[in-house]
1. Looking only at region B:203-222, which residues are within 13 Å of B:K299 (Cβ to Cβ) and of a type outside the set (G, A, S)?
2. Against the definition (part of a helix (DSSP H, G or I), open to solvent by less than 10 Å² (accessible area, probe 1.4 Å) and within 26 Å of B:R34 (Cα to Cα)), how does A:L75 come out, yes or no?
3. Whether any residue in region B:192-203 is open to solvent by less than 10 Å² (accessible area, probe 1.4 Å), out of contact with any Leu (no Cβ under 7 Å at 6 or more places or on another chain) and within 13 Å of chain A (Cβ to nearest Cβ) is what I want to check.
4. Identify all residues within region A:49-98 that are of a type in the set (S, T, Y) and touching a strand residue (DSSP E or B) at 6+ places or on another chain (Cβ under 8 Å); write none if there are none.
5. Taking the conditions exactly as written (acidic (D, E) and either in contact with a strand residue (DSSP E or B) (Cβ under 7 Å, 6 or more places away or on another chain) or surrounded by 14 or more Cβ atoms within 10 Å (Cβ to Cβ) (or both)), does A:E319 satisfy them or not?
6. Given the criterion surrounded by 22 or more Cβ atoms within 10 Å (Cβ to Cβ) and either among the hydrophobic types (A, V, I, L, M, F, W, C) or in contact (Cβ under 8 Å) with a residue 12 or more places away in the chain (or both), identify the matching residue among A:L129, A:L81, A:L115.
7. Got a number for residues in region B:33-46 being in contact with a helix residue (DSSP H, G or I) (Cβ under 7 Å, 6 or more places away or on another chain) and farther than 17 Å from B:D85 by Cα?
8. Let me confirm something: among B:C152, B:C190, which residue is within 26 Å of B:L321 (Cβ to Cβ) and of a type in the set (A, V, I, L, M, F, W, C)?
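The values are calculated or read from the model by the stated rules, or taken from the named source; none is laboratory data. The shown structure was predicted, so the numbers you read here are calculated from the model rather than taken from an experiment. For neighbour counting, all protein chains shown are included, and Cβ atoms are generated from backbone atoms with ideal geometry for every residue, glycine included. Just so you know, the surface numbers come from the protein's heavy atoms only, side chains and all, with ligands and any DNA or RNA stripped out. Shrake-Rupley method; radii C 1.70, N 1.55, O 1.52, S 1.80 Å.
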2 protein chains.
Amino acid sequence: MSHLSFQLVETADRVNSFIKEVVELEREPALLYRAARHIIDAGGKRLRPFLVLKSCKLVGGREEDAIPTAAALELLHTFTLIHDDIMDEDEKRRGLPTVHTKWGVPTAIVSGDLLFAKVFETITKYSDLERVSPKRILQVLRNVSDATVTICEGQTFDMMFEHKRTILEKEYFKMIQAKTAALFETSAKCGGILGGAKESQVALLGKYGYCAGIAFQLVDDVLGLTANEKALGKPVGSDIREGKRTLIIVHALKHASRSQRKKILETLGNSSSSPTKTKEIVGLVTSLGSIKYVEDKAKEYIEESKKALSNFSDTKEREALINLADLIFARKH
Amino acid sequence: MSHLSFQLVETADRVNSFIKEVVELEREPALLYRAARHIIDAGGKRLRPFLVLKSCKLVGGREEDAIPTAAALELLHTFTLIHDDIMDEDEKRRGLPTVHTKWGVPTAIVSGDLLFAKVFETITKYSDLERVSPKRILQVLRNVSDATVTICEGQTFDMMFEHKRTILEKEYFKMIQAKTAALFETSAKCGGILGGAKESQVALLGKYGYCAGIAFQLVDDVLGLTANEKALGKPVGSDIREGKRTLIIVHALKHASRSQRKKILETLGNSSSSPTKTKEIVGLVTSLGSIKYVEDKAKEYIEESKKALSNFSDTKEREALINLADLIFARKH
C-alpha cells in the first residue's frame, strides 16, 4: 500500500468512527437511521474529510480540531448522493441498492434531510470552542451552507441539461463547478479556516480544492464510460442511458458528423438502450477523440490544483494533498 | 382587525421582504428559485417568525437582531412542507398545487434542499455579529439543527403510523412533539437567545412554544376534519384518505365498538373513499366524543403555554404571545 493509501485509510477510520457516534444506528426510528447510514457504511474514500484534515494541518492547525467538520462534510456529500439518486432514478450506488430502491422514495428523502441536519448539528455541537473561536466556526458554517446552495443549483442545471439538445462546454463547466467542485473547494477552505489560515492561504486552498474537484468530475465522467461495473459500483453505461451531458458527450456532439450525431442522440437518455448500443457509442466517442480530450482537460486541472499549493512550505501535508491530486487523475486507469 | 392580527401582518410583511432578498426570484436556475418560492409566496401566517421576534423583544432584545433567524425558521418550515407533501402525496397546499404536483418530484426535492441550505446561509450571513455574539449565533444554529433532526424523526414516525393498526396516545404525542412542537419550541427559544435571555428564561420560552405547538397540531387535526376546502387550502377529508393517525382517530378507535372500528379502518388510508364515506366517519368520531376530546386537550396545552409566560413582566410582547396562544385555539371555529 502506498503512503497516500495508508493515510487515506487512517483518515477514513477516524472519520468513520466519529460518524458512527453522531449518526447512531441505535436511535429511533430505526428505519430512518438505518436508511441514513446505508450509503455511508457501504464505503467510499472519504476524500472530502481528507481535504479538511490535511488542509487544517498544512496551515499549522491540529487535525483533531477539524474532525467534526471533516465528518460533517462527508455527511453533506452523502445527503446529496441519496437525493441525487432519487432524482436520477439510479438503482445502484457503491455496489448496493440505492436508499430509495431499498426503502422507497419517502424514506430516502427524509433520511437525506436527516443527514443534512446532522451536518450543522455536528459542527455546532462537537467543535471545541476553546480551541477554535466561535467566529471561525461561523465562517465554516457559512462556507458550508453557501456550498450547499451552489450544489442545489448545480444539480438543477444537471437535470435541466438532460432535456436540452445542445450544451455548450461553458455550460457544462458551470454545472460541474457547482455540483462537484464547490464541495471540494469548501472542504479545503474549511480545513484552512479551522487551522487558523490567513485569508490568502484560504483562497489558495480553495483554488486547490476547486481544481481537484473539477478534475475529479472529469475523471468520473471518463470512468462512467470505460470502467467495469465492479469498479463503478453501478451498471456500465448508465450515464448514457440517463442522458447525462458529460464533457465527453458535449465534445463528441460538437465534432460528430450529422449521422454520428444522430446516432449519439438516439441512444442518449434512452433507458432501453442495449449494452451493445451503449458500447457502440463508447467506441464512437473514443474515435472522435472525446475521451482523450476530457483526460487532457482533467490533467490540466490537476496541474493547476498542485500549483495552488506551491507557496506553502514543503510539509508532509502538502505532499499528501499533491499525491491526492495525482491519485484523482490516476483513478482513470 | 384585532391588534394581534395587525401585529401578525406587520411581522409577516417584514419577514416576507427579508425572505425575498435571500431567496431571489431573479437567480439562475430560474426553475429552482421559482419552485422554492412557490409555497412561501402562497401565503401563511408566519407564526414561527412571530414567535422568534416577540420572544426576542420580550427578554429585552431588539426585533431587528432576530429578523434573519425569524426568516430562516420560516424557510425551514417551508422546506419541511415541500418534502412532506411529496412523502404524503398531497396535491394541494395553501390553495395551490404542491411543488411536486406542479414541477415534479426531482425539482421539489432539490428546491426543499435549497431552502434548507438557505436556513443556515441566512443566519450565518445576515446576523449582526456586532450586536449578537458569535457564541449566541452558534447556540441558535445548534437549536435549529437539533430541531430539524427531531422533525425528521417525527415525519418518519408519522409515515410509519400509516401502516400500523394500533397507535397509542403516547405514541401520537411523541410524533407531534417531534413533527410540529419542536419547531415552535425552537422558534421561541432562539428569539430568547438572540435577545440575551437567561437560561431559565430560554427554558420558559421553550415551554411556551412547545405547548403552543402541540395545541396547534391538535387544532390542525380537528380542522382537517371539520373545516371546508377554502379554509384548509386542500381537499376536505384528505387526512382520512391518507390514513393519518391523528389523536381524533386514535381516540375514536379506542372507544369504538367492534363494528364502528371496522368502519373507520376500512375508510382510513383508502384513497378512493368517497366524500360521503369520509363525512360518515366525521359523524362517527364526533358521536364518539373524539373531536371534543381533542379540543379539550388543545385547550389544556394552550393554558399550559400561557402559564409558562407568567413570570415575565407584563409587556406588550407578553400580551402578543398570550393572544397568539388564544388565536391558535380559536382557529378551530
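1. Passing the criteria: B:C211, B:I214, B:F216, B:L218, B:V219, B:V222.
2. no
3. Yes, there is a match, as at least one residue in region B:192-203 is open to solvent by less than 10 Å² (accessible area, probe 1.4 Å), out of contact with any Leu (no Cβ under 7 Å at 6 or more places or on another chain) and within 13 Å of chain A (Cβ to nearest Cβ).
4. A:T98
5. In short, yes.
6. Of the residues listed, the single one that is surrounded by 22 or more Cβ atoms within 10 Å (Cβ to Cβ) and either among the hydrophobic types (A, V, I, L, M, F, W, C) or in contact (Cβ under 8 Å) with a residue 12 or more places away in the chain (or both) is A:L115.
7. 2
8. B:C190
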